[in-house]
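The numbers here are math on the coordinates, done by the rules we state, and not lab data. Given the structure is predicted, the values throughout are model-derived calculations rather than measurements. A quick note on method: Cβ atoms are made from the backbone with ideal geometry, for glycine too, and the neighbour counts reach across all protein chains shown.
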Amino acid sequence: KGDTIPRIDAYYRFNERHRMDFTAFSVDRKGSRSLAVDPPIVIGDEDFAGGTVNSDIKYTLYKLGYAYSFYRSPKVELGLSAGLNITSYDLTFSSDVGNKYESAGFTAPLPMFGLRMGYAITPKWYVNYVAEAFFIDFEDTVRGALLNYELNTEYKLFKNLSIGAGVARLGTSVEVNDDDWKGKVSDSYRGFTVFTTVYF
């Protein structure tokens, strides 16, 4: 199933080597799977032997980062980035008749590190690559990682307006181990991006 996900990206460049970045987007994924469990297991104080389990994973990310361009020429820009992701995870599992077995949530500012590369094919046509990662280890209760890869191309139509398209992959793996819920969720998002950039 394909989903259309709105996303906001903005940056402010202090000078040729220093910039601040902001990103915000939200993903709501629903799925179901039929299981046959023998012997039955206990989920949320209820015996579960089989049937359909529905999952609802809501993931929201706000990113604020700083990037430093350690190499810059008329054609190539290489930079390192670091910042914070304010990440919210909400997990809910239920039976096929709607009974909620378990839910868990987690929100915290998490450190992020990345690498940015840009190449100017022509003065108006650019190619950009971004690789970012952060890792969670919160009080031995929540552990996990997020890896983000983006490759896009952008063409400047006018001085203050560009259009672009690209591909992106976001992979997450989160393990929760507390008194209320124990489990592990792995998920990945792959898709195409289409965007417009306005310069001020």
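Assorted remarks:
- Exceeding the 30 Å Cα-Cα cut-off - candidates K63/K124; K63/K159; K58/K124: K58/K124
- Sorted on the mean count of surrounding Cβ atoms within 10 Å across their residues, most packed first, peptides 122-129, 148-155, 11-18 read 148-155, 122-129, 11-18.
- Net charge contributed by nearby residues that have their C-beta within less than 10 Å of R116 (K/R +1, D/E -1): -3
- Residues whose placed amide H lies under 5 Å from that of G83, excluding near-sequence neighbours: Y66, M112
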